[in-house]
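I have placed the structure first, in the form of structure tokens, so that the comments after it can refer back to it.
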Amino acid sequence: MVALVVVAIVLFWQSLLMASLESAIVRVTRANLNNLMIEAQTDSELSQFTRQKKIAKIHRVQHLVANRHATSSACAFLRILSNVLIGACVVCIAAIFASPVWLQLIYGVLAALVVAFVSVLARPRSVGSDKPLEILLAYSHLASFAYACAPFLHPRKSKSARKTELSENEELEEIHLEQGRAAINRVLETNRFDPEVSEMLHNVLALSDSLTREIMVPRTDMICIEKDDTLEDFLKLCSRSGYSRIPVIGNDIDDLLGIAYMKDAVRATIFNNAALSRPIESIMRKPMLVPELKPADDLFHEMQQTCHHVAVVVDEYGGIAGMVTIEDALEQIVGELQDEHDHTQHGEPRQIGEHKWSMPARTPIAELEDIFEIDLDEDDVDTVYGLLTKLLGRVPIVGSSAVTRGLRLTAVDSAGRRKKASTIVVEPESDVDQTTLESDADSPDSNSTKKEQD
């Protein structure tokens with residue numbers, strides 16, 4: 001009976017230790033082991049015997065980490081086997097006391113369940129979670145023994161297996177990321193944070209999953225200036241569009257020449273009015289180019305390091321896919337950014353004249369049709385902004401105007417950091433022409449002409 005008790009205690013200790021090793025094996029990286037190997041080889045205070053012993057232990061752990069999933073499964077297998085054997089020992093001890101068979105089985109099952117519960121409950125607080133490298137080095141022989149006891153879990157030596165081994169660090173990084181998300185979710189469920197803070201924490205973890213093409217301004221929404229335009233034209237475009245950094249193009253948008261900054265144009269013309277006639281190429285800067293598949297967090301760090309606030313996104317064929325700013329990456333974390341010049345869009349159209357309406361850009365076309373009692377028959381666009389964009393063939397800015405079915409649409413206001421047209425005035429084209437004629441009739445030149453005709 002004493003021997004059975006000792007075996008049960010040893011098996012219980014082994015079960016807890018296997019739980020710690022199972023937790024530690026998924027937290028050790030190859031980079032940590034390589035650094036530890038360099039330290040052991042260059043440490044002058046270690047004797048030759050101690051150095052060789054430590055290096056051999058590191059090699060053993062490297063082999064276990066190279067087969068991370070198999071080692072972790074082997075430790076779990078040995079832990080479960082220890083629990084079962086503990087139940088068997090308890091059954092034998094109960095049989096020594098001549099207990100009934102049904103009571104022996106109950107004792108054995110309860111003992112196995114208690115040990116399993118303790119090992120699982122103690123696992124998150126084990127040394128394997130806090131000091132994974134230390135416990136792997138200390139019990140590398142036991143981990144190797146567990147790995148050897150489960151040969152059916154060993155990976156097959158094939159090309160696909162080698163490819164999987166090469167991506168172990170990436171898989172480990174994904175495991176850590178998932179564990180971090182789960183931990184943050186558990187913390188946020190306690191309601192100790194504001195909803196906005198909770199959303200920001202989620203966005204930080206999701207930033208690495210976002211690609212540049214998901215946060216960029218597409219090429220169809222880009223405002224560009226041609227290389228033959230002057231600084232005066234550029235300043236007027238900046239004033240109308242609300243942008244301070246505009247790409248300079250040649251024959252088409254794919255012929256990108258550089259980026260023009262409003263600060264450079266103001267610096268060149270503020271004390272020299274003659275500079276207004278200079279070509280835009282005189283202040284053009286070299287653009288920063290980034291691939292559209294670049295992760296958003298890498299883009300953010302690169303723009304920080306290179307001190308660029310705007311970059312041009314290129315696709316796999318070298319064409320221009322869009323533009324991205326450092327604020328686009330920040331918005332993935334903190335939400336939409338607005339400054340003191342941005343206006344809030346109101347959701348309802350309002351009448352500002354007899355036949356003149358001011359409509360938010362997102363007003364449905366169906367509502368426009370109801371107000372003016374016409375049928376526009378536009379199936380490929382849904383909003384007033386989309387209709388004006390389709391009519392112009394480009395992104396509308398303040399002052400852009402187009403006519404369809406006797407209605408004139410004019411963009412009169414912009415909002416948001418991307419300066420999209422936020423308010424569009426809609427009125428019958430005949431009213432616009434009549435207003436123009438009346439203003440011409442009130443002018444002195446028109447009055448003198450009228451008298452001459454009389």
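The values are calculated or read from the model by the stated rules, or taken from the named source; none is laboratory data. Here the structure is a predicted model, which is why all the values come from computation and not from measurement. Note that we place each Cβ from the backbone using ideal geometry, even for glycine, and neighbour counts take in every protein chain shown.
Scanning segment 278-298 for residues that are under 30 Å from His202 (Cα atoms), in contact with a Lys or Arg (Cβ under 6 Å, 6 or more places away or on another chain) and either at pLDDT 90 or above or outside any helix (DSSP H, G or I) (or both) turns up at least one hit.
For Ala421, the conditions (1) exposed (fewer than 14 other Cβ atoms within 10 Å of the Cβ); (2) at pLDDT below 80; (3) not charged (D, E, K, R) are fulfilled apart from (1). Those helices (runs of 4 or more DSSP H) of segment 1-107 in which 3 or more residues are in the same structural domain as Val118 (by TED's automatic domain parsing) and within 16 Å of His141 (Cβ to Cβ) occupy 2-24, 48-66, 68-96.
Among the residues of segment 242-260, those identified as touching a strand residue (DSSP E or B) at 6+ places or on another chain (Cβ under 8 Å) and either more than 15 Å from Ala321 (Cβ to Cβ) or assigned to a helix (DSSP H, G or I) (or both) are Gly242, Ser244, Arg245, Ile246, Val248, Gly250, Leu257, Gly258, Ile259, Ala260. Give me the pairs, please: first residue somewhere in segment 388-401 and among the acidic types (Asp, Glu), second residue anywhere and assigned to a loop (DSSP other than H, G, I, E, B), beta-carbon distance under 9 Å, and either six or more positions apart or on two chains. Once the first residue is among the acidic types (Asp, Glu) and sits in segment 388-401, no partner that is assigned to a loop (DSSP other than H, G, I, E, B) comes close enough.
Looking across segment 299-327, just one residue is out of contact with any Lys or Arg (no Cβ under 9 Å at 6 or more places or on another chain), touching a residue at least 40 places away in the same chain (Cβ under 8 Å), part of a helix (DSSP H, G or I) and not aromatic (Phe, Trp, Tyr), and that is Leu299.
With respect to the stated conditions, Ile259 is modelled with pLDDT of 90 or more and surrounded by 14 or more Cβ atoms within 10 Å (Cβ to Cβ). Looking only at segment 294-314, decide whether some residue is surrounded by fewer than 20 Cβ atoms within 10 Å (Cβ to Cβ), of a type outside the set (Phe, Trp, Tyr) and touching a Pro at 6+ places or on another chain (Cβ under 8 Å). Yes, the conditions are met somewhere in segment 294-314. When we screen Arg27, Arg60 for residues that are modelled with pLDDT of 80 or more, surrounded by 14 or more Cβ atoms within 10 Å (Cβ to Cβ) and not aliphatic (A, V, I, L, M), the only hit is Arg60.
Go through segment 301-357 and report how many residues are among the hydroxyl-bearing types (Ser, Thr, Tyr), at pLDDT below 85 and touching a strand residue (DSSP E or B) at 6+ places or on another chain (Cβ under 8 Å). Selection size over segment 301-357: 1. Checking each residue of segment 54-67 against the condition of being aliphatic (A, V, I, L, M) and without any contact (Cβ under 8 Å) to a residue 24 or more places away in the chain gives at least one match. Test Met200 against the stated conditions and say whether it is within 30 Å of Ile280 (Cβ to Cβ), surrounded by 13 or more Cβ atoms within 10 Å (Cβ to Cβ) and at pLDDT 65 or above. No, not satisfied.
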